[in-house]
Amino acid sequence: MRPICSSHKTQIPMKMKKKHEVDRLTNLVRDKVDAHQASLAMDIGAGQGYLTYMLAISQVPMVAVDSDSHQTCGSKARLLKNSPEIGDKVLHLTQKLDTDSLVGLVDRIDRGAVPEVDKMISSNTSRSSYVVTGLHACGDLSSAMVESFIRDQRIRALVGVGCCYNLLTEGDLSHPNCIFGFPLSSKVKSWFEEHDFGFGPRTRGLACQVSIEAVSLTQLRHMLEGTYYRSLLNYVFSDLKLDGPRTDEGHLRIKRLPHEAYDSFVLYAQHALSKVGMSGAVDEATLRRYDEQNRHMLQAMQLIYMTRALLGPIIENVILVDRALRLQESASAAGTDVEVALLNLFDAESSPRNMVLVAEKPRLCRESTDAELQSA
Ligand SMILES: C[S@@+](CC[C@H](N)C(=O)[O-])C[C@H]1O[C@@H](n2cnc3c(N)ncnc32)[C@H](O)[C@@H]1O
């Protein structure tokens, strides 16, 4: 096995948070590629290709797939500009993936129907062994990775970090034959069914909320005060029946205000009124009275925010445990052995989506690989 580095040298600039995540994930994925003698790893929802790049400079042949051609082109151009010597180790594809198309792609690669891949693969690796990975694979993309791992024996390991849980399609349990991104496991499905329960996008959205640990108290106070000021000004406008520019949802349209506007509600309202050409439409004493009468709402908002922030990790854990359960249930139904783990891979303070789902099929000895996979 290649030595695991704690930090890779890179010419591609990355924010600290991304670098921390990509470094750790690279080590883990590379470990799985080595352990399963995989011929390549597939970065699903590769985006700007940071993970692809780091794995490629660690000598892992990579297929990077993203549905957005801007991402694919940007990723390819950056890689060729910074490290042209690894250009032939990476294939960039623009494709929107679901379970069927991901399995189809593995199949095409394995049949030698993707000529670029043949040039990338070393003869020391097993043709029919692949590792699928994704960093912040949003919504149903993570579910597709789980289902593809279950369906295709040639995907020997899965290393995935999810995100954007609000984008998941959630199953209507009265239509059990439809395919949804959540819930996947029988356990969570039957639990939902028993309690006539579901999450819905707003609840799942809580799982994407920034955790309490990730924001300082000062940041939190400013954020909530800003929301309180905006809501109160909306209320003042509707209470006094004032006209003003509106968003499609009917809220007052207030453009960016300077920092000093946030020192008090009166200042905020005065800046906002002047911005929409209504300076003096509400006098200072009236604004102050509205603030005094409604200040208690700021406390209520703090409580709501805290409750949401505390619920977020619970919702996220249900979604992640559901994926892990689906992997375990399908392995035990098929009588096969699959190792499943949820690891706290990243520092939770800087990377709120810090849990990585790892699934591995038993490691095959090279001689038996083809025979075993063909009989599977
Ligand atoms: C949150 S970004 C993560 C990008 C990258 N992995 C990273 O960590 O920087 C998710 C990416 O997945 C891509 N994506 C979303 N749904 C997809 C799908 N069904 N098939 C392929 N790519 C998809 C998006 O275009 C986006 O670039």
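Scan region 87-128 residue by residue and report those that are modelled with pLDDT under 95, among the hydroxyl-bearing types (Ser, Thr, Tyr) and touching a helix residue (DSSP H, G or I) at 6+ places or on another chain (Cβ under 9 Å).
125, 126, 128
I'd like the residue in region 140-198 that is over 18 Å from the mean Cα position of the chain (by Cα) and aromatic (Phe, Trp, Tyr) and, out of all such residues, is modelled with the lowest pLDDT.
Per the stated criteria, the residue is 197.
Considering region 30-61 alone, what residues qualify as being more than 17 Å from the chain's Cα centre (by Cα) and hydrophobic (A, V, I, L, M, F, W, C)?
If the condition is that a residue be more than 17 Å from the chain's Cα centre (by Cα) and hydrophobic (A, V, I, L, M, F, W, C), then 33, 35, 38, 40, 41, 54, 55, 56, 57, 60 are the ones that fit.
Can you give me the number of residues within region 82-111 that are surrounded by 16 or more Cβ atoms within 10 Å (Cβ to Cβ) and among the basic types (Lys, Arg)?
1
Can you give me the number of residues within region 330-347 that are out of contact with any helix residue (DSSP H, G or I) (no Cβ under 6 Å at 6 or more places or on another chain) and surrounded by fewer than 17 Cβ atoms within 10 Å (Cβ to Cβ)?
11
Going by what's in this entry, would residue 45 be described as at pLDDT 95 or above, surrounded by 24 or more Cβ atoms within 10 Å (Cβ to Cβ) and either closer than 25 Å to residue 360 by Cα or within 11 Å of the ligand (Cβ to nearest atom) (or both)?
It is true that residue 45 is at pLDDT 95 or above, surrounded by 24 or more Cβ atoms within 10 Å (Cβ to Cβ) and either closer than 25 Å to residue 360 by Cα or within 11 Å of the ligand (Cβ to nearest atom) (or both).
Filtering region 56-72 down to residues that are in a helix (DSSP H, G or I) and within 12 Å of the ligand (Cβ to nearest atom), which residue is farthest from residue 143 (Cα to Cα)?
Out of the qualifying residues, it is 70.
Is it the case that some residue within region 97-119 is of a type in the set (S, T, N, Q) and more than 16 Å from the ligand (Cβ to nearest atom)?
no
Scanning region 52-81 for residues that are small (Gly, Ala, Ser) and in contact with a Lys or Arg (Cβ under 7 Å, 6 or more places away or on another chain), which turns out surrounded by the most Cβ atoms within 10 Å (Cβ to Cβ)?
Per the criteria, the residue is 56.
Here are the criteria: (1) under 30 Å from residue 169 (Cα atoms); (2) modelled with pLDDT under 95. Tell me which single one residue 68 does not satisfy.
Among (1) under 30 Å from residue 169 (Cα atoms); (2) modelled with pLDDT under 95, residue 68 violates only (2).
Does residue 232 meet the test of being among the aliphatic types (A, V, I, L, M), surrounded by 13 or more Cβ atoms within 10 Å (Cβ to Cβ) and modelled with pLDDT of 95 or more?
In short, yes.
Residues being more than 15 Å from the ligand (Cβ to nearest atom) and either free of Cβ contacts under 8 Å to residues at least 60 places away in the same chain or not in a helix (DSSP H, G or I) (or both): count how many of those fall in region 137-157.
The number of residues fulfilling the criteria is 7.
Which condition breaks for residue 161 when tested against (1) more than 9 Å from the ligand (Cβ to nearest atom); (2) touching a strand residue (DSSP E or B) at 6+ places or on another chain (Cβ under 9 Å)?
That leaves (1) as the condition not met.
The values are calculated or read from the model by the stated rules, or taken from the named source; none is laboratory data. Predicted model only: the values in this text are computed from it and were never measured. Note that we place each Cβ from the backbone using ideal geometry, even for glycine, and neighbour counts take in every protein chain shown.
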